[in-house]
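Below is one structure; the comments refer to it alone.
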Ligand code: SF4
């Protein structure tokens, strides 16, 4: 939960809410870029960031992202993060019929 | 040194280990008279065990595993309150998966879910917000948990809910802050500590200023560290060099991610939404002054404690730990996990008795998973 995971911002999805689509190890997930938005949002497209529980918290460079992903793989955290993201999707469906 | 070969840069790891060995010798630390270094963050605990850093580093260094795993320090009373909230028929209770198996008095959230409570594991408080939008006739409660790394995410979510006028979104706030428990540990006369490896991602949010008291008032060094193996080794070296030179400073090894002043947007959101509680209970450590956050009056519509009348001020607080559980002693570094009578017997990662066994960031779970030689050595 505290280690987060690097992701690359691929598209701004909602200007007013400061939301963007990120590519996290091949999985797409909408994240908030509020904490790293210190200029025009479009500048963020293509940037890498450390993503914690759905919020891009810190911009990092590509090499840093690769090294961090490698360390997270070794710790088994990449799988955990991706599973948590999938669970988040699942949570929307549960009980939807009720 | 077989583990060091697995590192991304084995040469660098070996060079660092040699320098660490030399400084340990200069200090004159030995197995009998080690330097005690506390890694505060649970992510660091996990990494130290995963990479076998405790075995690679000289015997003159003893790692003490700090209270930096939010799941591990969650008091039983708060888990009970989660279950109570989740069992309300109108509530959709949303939580990070890590918290599902933390034992409560009656049951864990996992058991409550099995018994029919509507509990959803989410990845982000943003998922909980979305659930609130989609389920206007239900009450969506998000279990806000964690240190300064996750606090901005719930603060920003509450601000967003307020902007949208989402009246069915509340947060059950259990956010805690890193500096106060460090002060409590440093004030404990039984605690022997020579220096700290400071949390990386908490510091990314708050910066390094909040740790200054550790150097200034207690004369101990702290080095903020990344969690890659080379980061940890380099940080340990920096702590040791300070000890050798008789310095006590707050240094930042992880400056490529951690700005000295933290993240201004996050800090502003936290200040806007939260205020400190007079005190907050930590599992194994007891009540610690100004160590927890609560939601400010202006956002009370999004405060689950206010809305559902539970939490602090709504009943007796202290709940005893399960019998035979030594979590408190492990957490303060008094004993190693293997010295707990329940370790690996009544308490395993599959069936945790204490919270330190629940998360991979907990000291007991880390020992259980990676303990190897160190476990048998201590068990003798
Ligand atoms: S082994 Fe289990 S009961 Fe014992 S200290 Fe660790 S978590 Fe607590």
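We did not get these values from a lab; they are worked out from the coordinates using the rules stated. All values derive from a computational prediction rather than experimental measurement. Here the Cβ positions follow ideal geometry from the backbone for every residue, glycine too, while neighbour counts run over all protein chains shown.
Considering only DSSP beta bridges with both partners in chain B, what is the antiparallel share in %, to the nearest 5? Could the numbers behind the result be given before it?
On the way: 8 of 39 bridges.
Roughly 20 percent of the beta bridges in chain B run antiparallel, per DSSP.
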Report summary line: Expected integer from the mean partner chain Cβ neighbour count at 10 Å over B:44-50 is 3
Query raised in the report: Could you give the nm distance between label points at residue B:115 and residue B:217, where each point is 7 Å from its Cα heading toward the beta carbon?
Result: 4.2
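Run the numbers on chain B and let me know its relative contact order in percent, using alpha-carbon pairs under 8 Å that are six or more apart. Kindly include the intermediate steps, with their values, before the conclusion.
Working: 709 pairs, mean separation 76.3, N = 380.
Relative CO of chain B lands at 20 percent.
Just to check, using Stokes-Einstein with a Kirkwood Rh over alpha carbon pairs, what's the diffusion coefficient of chain B at 10 °C and 1.306 mPa s in µm²/s? Before the final figure, lay out each step's value.
Working: Rh = 21.5 Å.
It comes out at roughly 74 µm²/s.
Over all directions, average the projected area of the Cα convex hull of segment B:1-135 and note it in nm².
Convex hull of Cα atoms, orientation-averaged projection: 11.8 nm².
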Query raised in the report: What is the packing order of peptides B:88-96, B:136-144, B:297-305, taking the mean over residues of other C-beta atoms within 10 Å and listing the highest first?
Result: B:136-144, B:88-96, B:297-305
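Which whole-number percent is the relative contact order of chain A (Cα, under 8 Å, 6+ apart)? Could you put the intermediate results ahead of the total?
Working: 152 pairs, mean separation 24.9, N = 98.
Relative contact order here is 25 percent.
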Query - Helix B:76-86 vs. chain B, principal-axis angle (Cα, 0 to 90°, nearest 10) - result: 30
Report summary line: Of all DSSP beta bridges having both residues in the protein assembly as shown, the percent classed as antiparallel (nearest 5) is 45
Report summary line: For segment B:138-247, the convex hull over Cα atoms projects on average to an area in nm² of 9.1
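Pairwise over distinct Cα atoms, reciprocal of the mean inverse distance: report the Kirkwood radius of chain A in Å, one decimal place.
Numbers: mean 1/r = 0.0723 Å⁻¹.
Mean inverse Cα-Cα distance, inverted, gives 13.8 Å.
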Report task. Could you tell me the distance between the Cα centroids of segment A:47-84 and segment B:141-177, to the nearest Å? Result -> 22
**Report entry** Estimated D of segment B:73-225 in µm² per second, where Rh is the Kirkwood radius over Cα pairs and Stokes-Einstein applies at 10 °C, 1.306 mPa s
**Finding:** 92
Report summary line: Normalised Cα Rg of the protein assembly as shown, dividing by 2.2 N^0.38 Å with N its residue count, works out at 0.94
Query - Among beta bridges that DSSP assigns inside segment A:5-97, antiparallel share in %, nearest 5 - result: 95
**Report entry** segment B:68-218, relative contact order [Cα under 8 Å, separation at least 6], %
**Finding:** 20
Query raised in the report: With axes computed from alpha carbons, what is the tilt in degrees of helix B:229-245 against the longest principal axis of chain B, rounded to the nearest 10 within 0 to 90?
Result: 60
Query raised in the report: On a 0 to 90 degree scale, rounded to 10, what angle separates helix B:151-164 from the longest Cα axis of chain B?
Result: 20
